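Heads up: the structure comes next, in structure tokens.
The values are calculated or read from the model by the stated rules, or taken from the named source; none is laboratory data. Since this is a predicted model, take the numbers as computed values, not measurements. Heads up, the Cβs are rebuilt from the backbone with ideal geometry, glycines too, and the neighbour counts pull from every protein chain shown.
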């Protein structure tokens with residue numbers, strides 16, 4: 001199996017973009033076109049890690065949206081069908097994590113410490129809404145590269161000394177096997193009240209879709225912020241394994 005890294009293929013794509021800007025798909029452009037087509041035609045022969053795949057597809061979609069990658073006949077560029085009418089990033093796996101932390105400096109630092117405890121403190125988090133794709137599997141916490149854009153359903157709350165705070169998520173798969181849903185919540189109060197609220201949210205999510213849910217699972221944190229400190233509670237369902 002041939003291993004192509006992100007930089008190598010992105011150089012091909014960038015060169016195609018430059019040529020496309022000047023309407024030139026001859027000579028060097030043809031060579032790059034053939035290279036791109038060769039590498040993307042057979043997925044069995046090229047292995048890309050998740051981050052490389054996302055980055056490459058993003059670049060190709062950007063180029064396609066700008067009208068690049070034009071050509072004729074055999075010189076027409078090959079663009080994977082994942083970007084035909086738009087780019088769809090569908091995660092095949094997820095994991096859940098939660099933590100609480102305190103800081104004598106600020107609420108932000110307490111939040112940062114909680115993320116580090118959860119194993120997602122070195123990633124660029126992007127909050128998304130509450131749908132678990134069909135076929136996605138729950139896995140143990142995954143190691144994600146530093147700086148990677150990471151999608152997650154995130155619940156958080158921050159507080160100061162003397163406050164009692166809690167944050168958490170609830171998630172469940174549909175009984176018909178067609179994916180699942182996530183609800184997030186936070187409270188200036190005990191975790192027991194939060195869990196009751198999360199349960200009601202999940203029931204409403206299912207009711208408005210007229211579907212049944214399997215066992216509802218919870219992941220929540222509670223913290224009484226000590227004197228002279230700030231605190232944060234965080235819980236997340238983190239998506240990974242994009243196809």
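Before moving on, here are some points about what is shown:
Rundown of residues vs (1) surrounded by fewer than 19 Cβ atoms within 10 Å (Cβ to Cβ); (2) touching a strand residue (DSSP E or B) at 6+ places or on another chain (Cβ under 7 Å); (3) on the phi > 0 side of the Ramachandran plot, yes/no style:
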site	(1), (2), (3)
191	no, yes, no
196	yes, no, no
199	yes, yes, no
205	no, yes, no
219	yes, yes, no
227	yes, no, no
239	no, yes, no
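- Evaluation of residue 177 against the conditions (1) within 26 Å of residue 101 (Cα to Cα); (2) surrounded by fewer than 19 Cβ atoms within 10 Å (Cβ to Cβ); (3) under 22 Å from the mean Cα position of the chain (by Cα) shows that the sole unmet condition is (1).
- Identity of the residue in the range 143-156, in contact (Cβ under 8 Å) with a residue 40 or more places away in the chain and surrounded by fewer than 16 Cβ atoms within 10 Å (Cβ to Cβ), that ends up nearest to the chain's Cα centre (by Cα): 149
- Close pairs (9 angstrom Cβ cut-off, 6 or more residues apart or separate chains): farther than 29 Å from residue 114 by Cβ in the range 199-221, modelled with pLDDT of 95 or more and in a helix (DSSP H, G or I) anywhere: 211/205; 212/206
- Among the residues of the range 221-243, those that are under 21 Å from residue 150 (Cα atoms) and assigned to a strand (DSSP E or B) comprise 232, 233, 234, 235, 236, 237, 238, 239, 240, 241, 242.
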